[in-house]
Amino acid sequence: MYTELIKELKEQKVNLVAVSKTKSEQKIKEIYDQGQRIFGENRARELEQKAENLPHDIEWHMIGHLQKNKVKYIAGIVSLIHSVDNEKLLNTINKEAEKNNRKISYLLQIKIAEEESKYGLSENDAFGLAKKIVNKKFPNTICKGVMGMATFTEDQEKIRREFKRLKKVFDQLSAEYFQQNHDFDTISMGMSGDYKIAIEEGSTMVRIGSLIFGPREN
Ligand SMILES: *Cc1c(COP(=O)(O)O)cnc(C)c1O
């Protein structure tokens with residue numbers, strides 16, 4: 001499955017985050033040996049542990065909700081945090097980045113699901129935060145774009161609407177705040193069940209777990 005997926009995504013110029021949460025280090029190593037270098041985890045401690053034990057050229061992405069007090073575990077390791085959904089968290093990431101003498105890249109997670117209340121910034125809050133970001137309030141961080149999760153539903157048109165909305169928010173943020181900033185180029189949207197729609201709607205990075213590793217274990 002991995003090989004076919006990689007070929008499809010390459011043709012579309014879309015980056016793949018192989019979502020390895022709950023998966024064993026051995027399973028991750030198998031996918032690594034097929035060439036995959038970007039893996040996504042949703043728990044700080046699990047990411048920290050796996051990064052220690054697995055090859056050091058892996059780029060670890062934090063894709064799940066992140067609590068401020070957990071940032072320290074991943075600050076020296078993580079290459080992209082997808083889930084910045086409030087200013088206090090971004091403040092903490094900025095401080096931990098400084099302690100580690102590095103800059104940490106991240107995405108603004110936007111709430112796009114129409115019904116389910118998932119984590120994420122409202123559009124208004126995203127614009128408010130973007131203003132502070134471009135005023136250099138978080139100098140040890142790099143804002144690379146946006147992330148969103150569609151409602152878990154069979155309704156394809158609903159999923160498409162939600163992804164369209166994320167693309168629109170990205171375009172508006174680009175136009176209003178990040179127009180001179182070439183770092184702001186990432187739209188992280190699409191999972192195993194909806195990545196094709198996400199790509200049609202402008203995704204540049206998909207986060208895929210079960211299609212690669214088999215069904216989720218929890
Ligand atoms: C688990 C998870 C994924 C991957 O989900 P699959 O349906 O297994 O592809 C993607 N994004 C986030 C934020 C996740 O928590």
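Observations
- Annotation for K7 and K72: the two label points, set 7 Å from Cα along the Cα-Cβ direction, are 4.9 nm apart.
- With θ taken as phi - 60° and the Karplus curve 6.51 cos²θ - 1.76 cosθ + 1.60 applied, the whole-hertz 3J(HN,Hα) list for the range 58-63 is 6, 9, 9, 10, 8, 10 Hz, x standing for glycine and proline.
- In range of the label at K103: residues from the range 127-166 whose backbone nitrogen is under 16 Å from the point 7 Å along Cα→Cβ: 133-145
- Estimated vicinal HN-Hα couplings, Hz - the range 147-164 in sequence order (Karplus 6.51, -1.76, 1.60; Gly, Pro = x): 9, x, 10, 7, 4, 7, 7, 7, 6, 4, 5, 5, 4, 4, 4, 5, 5, 4
- Extension gain for S210-S174 works out to 9.8 nm (0.36 nm per residue, less the C-alpha to C-alpha distance).
- 25 Å Cα-Cα threshold exceeded, pairs from K68/K137; K29/K164; K50/K118; K70/K99: K29/K164; K50/K118
- Nearest-0.05 FRET efficiency for E157 and S79, computed from C-beta distance (R0 35 Å): 0.50
- Simple point charges give the picture: +1 on the Cβ of Lys and Arg, -1 on the Cβ of Asp and Glu, and for the range 6-77 a dipole about the Cα centre of about 300 debye.
- When the Cα atoms of the chain are aligned to their principal axes, the ranges along those axes come out at 44, 43, 30 Å in descending order.
- Lys, Arg +1 and Asp, Glu -1 on Cβ, resulting dipole of the chain about Cα centre, debye, nearest 20: 740
- The region of the chain that goes longest without hitting one of the GluC sites (Glu not before Pro) in a DSSP loop, each with at most 12 other Cβ atoms within 10 Å, is 1-114.
- Of all accessible heavy-atom area on the range 134-191, the percent that carbon and sulfur account for (1.4 Å): 50
- Computed from label points 7 Å out along Cα-Cβ, the spacing between S24 and D125 is 3.9 nm.
- GNM top mover of I58, I208, I74 - the chain, alpha-carbon springs below 10 Å: I58
The values are calculated or read from the model by the stated rules, or taken from the named source; none is laboratory data. Because the structure is predicted, anything quoted here is derived from the model rather than measured. With ideal geometry, Cβ positions are generated from the backbone for all residues, glycine too; neighbour counts draw on all protein chains shown. Calculation scope for accessible area: heavy atoms of the full protein, side chains included, ligands and nucleic acids excluded. Shrake-Rupley method; radii C 1.70, N 1.55, O 1.52, S 1.80 Å.
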